[in-house]
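Enquirer: Supplied in structure tokens, the structure appears directly below.
The values are calculated or read from the model by the stated rules, or taken from the named source; none is laboratory data. In this text the structure is predicted, and so the values were computed from the model without any measurement. All Cβ positions, glycine included, derive from the backbone under ideal geometry; neighbour counts span all protein chains shown. Note: accessible area is taken over every heavy atom of the protein model, side chains too, but ligands, DNA and RNA are not part of it. Shrake-Rupley method; radii C 1.70, N 1.55, O 1.52, S 1.80 Å.
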Amino acid sequence: MNTAINSYRAGPDERGHFGIYGGRFVAETLMPLILDLETAYAKARTDLAFQAELDYWLEFYVGRPSPLYFAERLTRHLGGAKIYFKRDELNHTGAHKINNCMGQILMAKRMGKTRIIAETGAGQHGVATATVCALMGLPCVVYMGAVDIERQKPNVFRMKLLGAEVVPVKSGSRTLKDAMNEALRDWVTNVDSTYYLIGTVAGPHPYPAMVRDFQSVIGRETREQIMKAERRLPDSLVACVGGGSNAIGLFHPFLDDPGIKMYGVEAAGHGIETGQHAASLTAGSPGVLHGNRTYLLQDDDGQVTEAHSISAGLDYPGIGPEHAWLKDSGRVTYVPISDTEALEAFKLCARLEGILPALEPAHALGHVIKLAPTLPKSHLMVMNMCGRGDKDIFTVADALGVGL
Amino acid sequence: MSANRTEGRIERRFAKLKREGRAGLITFTMMGDPEIETSFEILKGLPAAGADLIEIGSPFTDPMADGPVIQAAGQRALKAGITLKKTLDLVRRFRATDSETPLVLMGYYNPIYIYGVQRFLKDALGAGLDGVIVVDLPPEEDDELCLPAIEAGLRFIRLATPTTDDKRLPAVLAHTTGFVYYVSITGITGAAGAGAVSTRDAIARLRRHTNLPLAVGFGIKTPDDAAEVARVADAAVVGSALVSALASSLDGEGRTSAGTAKAVLDLVRRLSDGVKAARKKEVG
């Protein structure tokens, strides 16, 4: 990647590629559906009525814009950079996931689909999908790994209360990647009626670009809000990456501002050296999974290996293809944060800021804790607080050896 | 280019079937299931049991188009230590016993991508493989493996499905070589089959677009199912039913029993009888 890049925001190309990443690696049965979605989304994207409808729901239902909050006590405690949180955990349903779900449910309705399926890891995307399905009166089936069902019980119950059917996935590692396999199998079987509402910037084209566009509201708002608060753009952005949708949502509107450093924080689980982690960009290699080429955790035979993270939302052996390209191009720096570091960040944030972060953004915060003290007080840093931690209290209690 | 124009085992086999006035039976066996030597014993026995062409499965951890039966076979095979390299070793050993039955490898792209496309083509052809079916490589990704494979002389067999409409069919068929594999249902492997009428209509539709042999698969479980397909198509593909026969022969711990290879090969014999009798019945 030594050739000069005019814009980091132009991708993907017409075949869905970000450099060598992305693409459409799916079974023939699904190809016509993916092409239909591409055409429908290209129209919706430039349709002012669609945008107006989406804006309406984002404002009055999701509760956008989410605040850009100056974390003063954390800033003072760390003694360096001035830290802002983009408070996407204050959205309806408690995470950024609903930004994308709101956009895609409107796509499903435009396309005349009558049944929605989704995969979920931590359950946040499942809850957000079940929510918009209830709102629009559409039946919803959520595939969730049996292991994740066990560690995210509150979210499973929430989905059921919202009227969704939660299907436990018992194949493979019984986590997010297997839930995605099962959702794809459902889609291959129910092609006429069903819309597959993918929760992150992965899957075949056009999903990575479409989900990014729906999540970019995070970065667009941040731009306006920081200009209002500080009369200038930030110096750095920090967000966690599992599939990478909250991170790309924050980063994308800033990619062509050369002075801004960006950090994507991966889950290092028990530590990169233990092999038990979910850091596909730090420790993986390019491969093809779930419809796109990207960095994967895999063995020498091209078999996908199991990811590990205390955070179910980061427990995925791949990463959105645009992140793979942003890594290779050097525009974004990807760093690992371990389970232990995330837990420490979780505790610190609760006590200093009165916010229980989800374990996913607790990883982003883990990097903020490392980075901020090394930077001058004039440095403006924005971290995406992409989810709230209520869903994680059982996991955290368990990790801290507390019985509830 | 010249490699592809040379008539290969697949063309010779379909020509022979045509001369005999019957359809072929294509069987699927996952390499390494339940362990490597048993899967080889089955592979070696397939031609005599009546398989006209053989699909060998190469497992992948995330087989997104496969139902529970073939997923489980893949997991047993991976646990047994099979790799793409070891699968090609089995192809080589098979070729020492049979020089004419076509062998087609069926799998997903990532293991081939990681093996290296050029290295794979060289090793696969060297071992005696005739073609590949790669589930997650639609025509939109032809640059990856399809075009290099055709160039090297390895057949690239594409899946056509009920969702592949007349507008899309030419693109799907453009770089298909060897034969066309029609997936008779929208669904995963091992699901219920399509009705005879819809299969007949689909074959007629495909015939308008291609002269390549047409094989039909997905949902064919019994000799009668196979016979029904054999009346209208050039070949019937049976996968999950054979894998199920293997699975039910295993002992409590999922290991080979004395009857494992026999369980599979006996079903192949019955399926072959069904296919061979199909057109006779129709005439009679």
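Enquirer: Evaluate the distance, in nm, between pseudo-label points positioned 7 Å from the Cα of A:Phe60 and of B:Thr6 along their respective Cα→Cβ axes.
Expert: 7.1 nm
Enquirer: To continue, here is another question. I'd like the carbon and sulfur percentage of the solvent accessible area for the range A:155-295, probe radius 1.4 Å, heavy atoms only, ligands and nucleic acids excluded.
Expert: On the way: 2130 of 4230 Å².
Carbon and sulfur together cover 50 percent of it.
Enquirer: So, one more: Just from the alpha-carbon atoms, what are the Rg and Dmax of chain A in angstroms?
Expert: 19.4, 57
Enquirer: For a label point 7 angstrom out from the Cα of B:Ala258 toward its Cβ, which stretches of the range B:27-68 have the backbone nitrogen within less than 20 Å?
Expert: The answer is B:34-35, B:37-39, B:41-42, whose backbone nitrogens lie closer than 20 Å to the label point.
Enquirer: Right, something else. Expressed as a rounded percentage, what relative contact order does chain A have, with Cα pairs under 8 Å and six or more residues apart?
Expert: On the way: 878 pairs, mean separation 83.0, N = 404.
21 percent.
Enquirer: Can you tell me, using C-alpha contacts under 8 Å and at least 6 residues apart, the relative contact order of the range B:1-113 as a whole percent?
Expert: Values: 141 pairs, mean separation 37.8, N = 113.
With pairs under 8 Å counted, the relative contact order is 33 percent.
Enquirer: So which chymotrypsin sites (Phe, Trp or Tyr not before Pro) in the range A:76-183 are both in a DSSP loop and have at most 10 other Cβ atoms within 10 Å of their Cβ? Mind dumping the intermediate values first?
Expert: On the way: sites: A:Tyr84, A:Phe85, A:Tyr143, A:Phe157; in loops: none.
Answer in residue order: no site qualifies.
Enquirer: Let me ask you something else. Residue by residue through A:290-298, how many Cβ atoms from other chains fall within 10 Å of the Cβ on average?
Expert: 2
Enquirer: While we're on this one: Using a basic spin-label model with each label point 7 Å from the Cα along Cα→Cβ, how many nm lie between B:Asp266 and A:Leu35?
Expert: Placing both labels 7 Å along Cα→Cβ, they lie 4.7 nm apart.
Enquirer: Moving on to the next point. Using a Gaussian network model of chain A whose springs link C-alpha atoms within less than 10 Å, name the residue from A:Tyr69, A:Tyr207, A:Tyr195 with the highest mean-square fluctuation.
Expert: The residue with the greatest mean-square fluctuation here is A:Tyr69.
Enquirer: Another question, then. Which of the residues in the range A:22-68 lose at least 10 Å² of accessible area when you go from the chain alone to all protein chains together (probe 1.4 Å)?
Expert: Those are A:Arg24, A:Phe25, A:Val26, A:Ala27, A:Glu28, A:Thr29, A:Met31, A:Pro32, A:Leu35, which lose 10 Å² or more relative to the chain on its own.
Enquirer: Going by average Cβ neighbours within 10 Å, how do the peptides A:297-307, B:211-221, A:344-354, A:18-28 rank, with the highest at the top?
Expert: Working: A:297-307: 20.2, B:211-221: 22.5, A:344-354: 17.5, A:18-28: 24.5.
Packing order, densest peptide first, comes out as A:18-28, B:211-221, A:297-307, A:344-354.
Enquirer: Further question: How high is the relative contact order of the range B:3-278, given as a whole-number percent (alpha carbon pairs under 8 Å, six or more residues apart)?
Expert: Details: 521 pairs, mean separation 64.6, N = 276.
Once divided by the residue count of the range B:3-278, the mean separation gives 23 percent.
Enquirer: Let me ask you something else. Using a probe of 1.4 angstrom, how much of the accessible area of the range B:17-127 is carbon and sulfur, in percent? Intermediate values should be presented prior to the final figure.
Expert: On the way: 2030 of 3710 Å².
Roughly 55 percent, rounded to a whole number.
Enquirer: How much accessible area is lost when chains B and A come together, counting both sides, with a 1.4 Å probe, in Å² rounded to the nearest 100? Can you show the working numbers first?
Expert: Values: alone 12190 and 15450 Å², together 24670 Å².
Buried surface at the B/A interface: approximately 3000 Å².
Enquirer: Can you work out the Karplus-derived ³J(HN,Hα) for every residue in the range B:269-275? Use 6.51 cos²θ - 1.76 cosθ + 1.60 with θ = phi - 60°, whole Hz, and x for glycine or proline.
Expert: For the range B:269-275, the Karplus-derived couplings read 4, 5, 5, 5, 4, x, 5 Hz, x marking Gly and Pro.
Enquirer: Can you say what percent of the DSSP beta bridges in the protein assembly as shown, counting only those with both residues inside, are antiparallel? Round to 5. Write down the numbers at each step before the final one.
Expert: Values: 16 of 76 bridges.
Among the beta bridges of the protein assembly as shown, antiparallel pairing accounts for roughly 20 percent.
Enquirer: Set Lys and Arg Cβ to +1 and Asp and Glu Cβ to -1, take the dipole of the range A:189-250 about its Cα centre, and tell me which of A:Pro206, A:Leu237, A:Thr189 lies farthest positive.
Expert: A:Leu237
Enquirer: Alpha carbon centre of the range B:102-138 versus the range B:1-76: separation in Å?
Expert: Computed from Cα coordinates, the inter-centre distance equals 13 Å.
Enquirer: Label chain B by shape, choosing from rounded, prolate and oblate, from the square roots a ≥ b ≥ c of the eigenvalues of the Cα gyration tensor; if a/c is under 1.5 it is rounded, and otherwise prolate applies when a/b is larger than b/c, oblate when it is not. All intermediate terms of the calculation are to be shown ahead of the outcome.
Expert: Working: a/c = 1.38, a/b = 1.07, b/c = 1.29.
Rounded.
Enquirer: To continue, here is another question. First check a/c for the range A:99-228, with a ≥ b ≥ c the square roots of the eigenvalues of its C-alpha gyration tensor; if it is under 1.5, answer rounded, and if not, answer prolate when a/b is larger than b/c or oblate otherwise.
Expert: Values: a/c = 1.61, a/b = 1.36, b/c = 1.19.
In terms of gyration-tensor shape, prolate.
Enquirer: Within 10 Å of each Cβ of B:130-141, how many other protein chain Cβ atoms are there on average?
Expert: 5
Enquirer: In whole Å, what is the distance between the alpha-carbon centres of the range A:15-74 and the range B:81-101?
Expert: 46 Å
Enquirer: Over all residues in A:188-194, what is the mean tally of Cβ atoms on other chains that come within 10 Å of each residue's Cβ? Could the numbers behind the result be given before it?
Expert: Details: counts 11, 6, 2, 5, 3, 0, 0.
Across A:188-194, the average partner-chain Cβ count within 10 Å equals 4.
Enquirer: Among B:Phe120, B:Gly107, B:Gly274, pick out the residue whose Cα is farthest towards the positive end of the charge dipole of chain B, where Lys and Arg carry +1 and Asp and Glu carry -1 on C-beta, about the Cα centre.
Expert: Farthest towards the positive end: B:Gly274.
Enquirer: Sorted by average packing, counted as other Cβ atoms within 10 angstrom per residue and highest first, what order do B:112-118, A:117-123, B:62-68, A:373-379 take?
Expert: Working: B:112-118: 17.4, A:117-123: 29.0, B:62-68: 22.7, A:373-379: 12.3.
Top of the packing list down: A:117-123, B:62-68, B:112-118, A:373-379.
Enquirer: So how long is each side of the protein assembly as shown along the principal axes, counting just the alpha-carbon atoms, biggest first, in Å?
Expert: Over the protein assembly as shown, Cα extents along the principal axes are 88, 52, 51 Å.
Enquirer: Given the Cα-Cα distance of A:Ser285 and A:Ile20 and 0.36 nm per residue of separation, how much length would full extension add, in nm?
Expert: Contour length minus the Cα-Cα distance gives 94.1 nm.
Enquirer: Give me the percent of DSSP beta bridges within chain A that run antiparallel, rounded to the nearest 5. List each step's numbers first, then the result.
Expert: Working: 16 of 48 bridges.
Roughly 35 percent of the DSSP beta bridges within chain A come out antiparallel.
Enquirer: Kindly identify the range B:29-156 as rounded, prolate or oblate by the Cα gyration tensor criterion: order the square roots of the eigenvalues as a ≥ b ≥ c, call it rounded if a/c is under 1.5, otherwise compare a/b with b/c, prolate if a/b is larger, else oblate. Before the final figure, lay out each step's value.
Expert: Values: a/c = 1.65, a/b = 1.15, b/c = 1.44.
Here the range B:29-156 falls in the oblate category.
Enquirer: By DSSP, what percent of the beta bridges with both residues in the range B:3-278 are antiparallel, rounded to the nearest 5?
Expert: Working: 0 of 28 bridges.
Of the beta bridges lying entirely in the range B:3-278, close to 0 percent run antiparallel.
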